[in-house]
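The structure appears below as structure tokens.
Derivation of every value follows stated rules applied to the coordinates shown; laboratory data play no part. Please read all numbers here as calculations on a predicted model, not as lab measurements. Heads up, the Cβs are rebuilt from the backbone with ideal geometry, glycines too, and the neighbour counts pull from every protein chain shown.
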Amino acid sequence: DLVWHALKEKVEARMIELSPTSNTYYGRALVIFRSKDAAENAISELTSRCLVLE
């Protein structure tokens, strides 16, 4: 849902825990896009701005 609302792309995503004691507000995710163009557009968007949960 997060990627859809931010980038308007449907993806498969999984959160990656950095460590058992890591902060739940910060993290990483593995995201699989449906096409190379969609992935490149997402990288371009994220290079120019931040993705923040509210």
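Filter region 1-14 for residues that are part of a strand (DSSP E or B) and loosely packed, with under 10 Cβ neighbours inside 10 Å and give the result.
Passing the criteria: only Arg14.
If you go through region 30-50 and pick out every residue that is surrounded by fewer than 12 Cβ atoms within 10 Å (Cβ to Cβ) and within 10 Å of the chain's Cα centre (by Cα), you end up with 3.
When every residue of region 28-43 is checked against the conditions, none turns out to be of a type in the set (D, E, K, R), without any contact (Cβ under 8 Å) to a residue 12 or more places away in the chain and not in a helix (DSSP H, G or I).
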